[in-house]
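Reviewing the structure listed below.
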Amino acid sequence: PWGYINQSYNNSRDVDLNKNFEYGYRNNGSSNTGTAPYSEAETVLMKGVFDAYPNAVFHLECHGKYGVDTAFNKTIWFSLMQTLASELIETGANTVCNAIGRRLEDMGYTTNKSTGGYITYYGLNGRPKDYTGTKYGMLSCTFEGTGCIYGETGYSVNTQKINTEALENIVLTMMMSLSEWSSKNYVTESDEQRANRV
């Protein structure tokens, strides 16, 4: 909340909360990551939320990238864990990127049927999704919503439409993918086994 109100990436102690978790933690990076993992009250609270749901299968972080990547094929951005490369997330993210490209074209942007976003992989760096992915094996990724569609300046009705549709579609796509995956992989379970697992 403090960062939101004050338009700051870091908290009131100038610590980067996105790198204050344990897996891949470094205190000598380019940003202030705190004196140790969980040195900040906010990350302690978030860790408590994650620990309360250890059987969750998908962790999606939502970020924004105001003024970054203004080309139409970089409208949205999915950041995936390199150590937990997931075909499900990659397939879902590609589906959304393609849909956003079509949406941009429908809105009058010249995209030449290009995708409306891209995917990158990264190593462990003390992020929240490093924690959920490494400790609990959750499928974890970050969705970076656009702050500036190609040719526009700043947030607009169109950027909000794109961000909202992309967020809705990645959640729906992952839910459908996980549902299809579980039905294929648990087809031999009895009703009792399935009930116990759920």
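The values are calculated or read from the model by the stated rules, or taken from the named source; none is laboratory data. Computed from a prediction, not measured in an experiment: that's the story for all the values here. Positions of Cβ are backbone-derived with ideal geometry, glycine not excepted, and every protein chain shown enters the neighbour counts. Calculation scope for accessible area: heavy atoms of the full protein, side chains included, ligands and nucleic acids excluded. Shrake-Rupley method; radii C 1.70, N 1.55, O 1.52, S 1.80 Å.
Calculate, for the chain, the solvent-accessible area per residue in square angstrom, rolling a 1.4 angstrom probe over the heavy atoms of the protein chains.
Numbers: 11200 Å² over 198 residues.
Per residue, the chain has 57 Å² of solvent-accessible surface.
Can you list the equivalent-ellipsoid semi-axes of segment 91-161, largest first and in whole Å, using the square root of 5 times each Cα gyration tensor eigenvalue? Working shown, then result.
On the way: eigenvalues 171, 40, 18 Å².
Semi-axes from the Cα gyration tensor: 29, 14, 9 Å.
Per-residue counts of other Cβ atoms within 10 Å, averaged by peptide: what ranking do you get for 150-160, 166-176, highest first?
Details: 150-160: 13.3, 166-176: 17.3.
Put in order of decreasing packing, that is 166-176, 150-160.
Counting only protein heavy atoms, what percent of the accessible surface of the chain is carbon or sulfur at a 1.4 Å probe? Before the final figure, lay out each step's value.
Working: 5910 of 11200 Å².
Here carbon and sulfur together make up 53 percent of the probe-accessible area.
Ignoring everything except DSSP H segments at least 4 long, calculate the 222 nm mean residue ellipticity for the chain; use -39,500 (n - 2.57) per segment, divide by total residues, nearest 500. Write down the numbers at each step before the final one.
Values: 6 runs with 81 residues, N = 198.
Calculated mean residue ellipticity at 222 nm is -13000 deg cm²/dmol.
Calculate the spin-label point distance for ASP14 paired with GLU90, positioning each point 7 Å from the Cα along the beta-carbon direction, and give it in nanometres.
4.1 nm
DSSP H helices in the chain with Cα extent of 15 Å or more along the helix axis and mean Kyte-Doolittle hydropathy at least 0.5?
Numbers: long enough: 41-52 (17 Å, 0.71); 87-106 (28 Å, -0.27); 157-185 (41 Å, -0.20).
TM-like helix candidates: 41-52.
About the Cα centre of the chain, what is the dipole size in debye to 20, counting +1 per Lys and Arg Cβ and -1 per Asp and Glu Cβ, all else neutral?
Numbers: 16 positive and 21 negative charges, 49 e Å.
It comes to approximately 240 debye.
For the chain, what number results from the quotient of the Cα radius of gyration and 2.2 N^0.38 Å?
Details: Rg = 18.5 Å, N = 198, 2.2 N^0.38 = 16.4 Å.
Relative to the rule-of-thumb radius for its length, the chain sits at 1.13.
Provide, in order from the shortest bin, the percent of all Cα-Cα pairs of segment 1-65 in each 10 Å bin, continuing until the bin that contains the maximum pair distance.
P(r) for segment 1-65, in whole percents per bin: 19, 49, 29, 2.
What does the convex hull of the alpha-carbon atoms of segment 28-142 project to on average, in nm²?
On the way: hull surface 33.8 nm².
Convex hull of Cα atoms, orientation-averaged projection: 8.5 nm².
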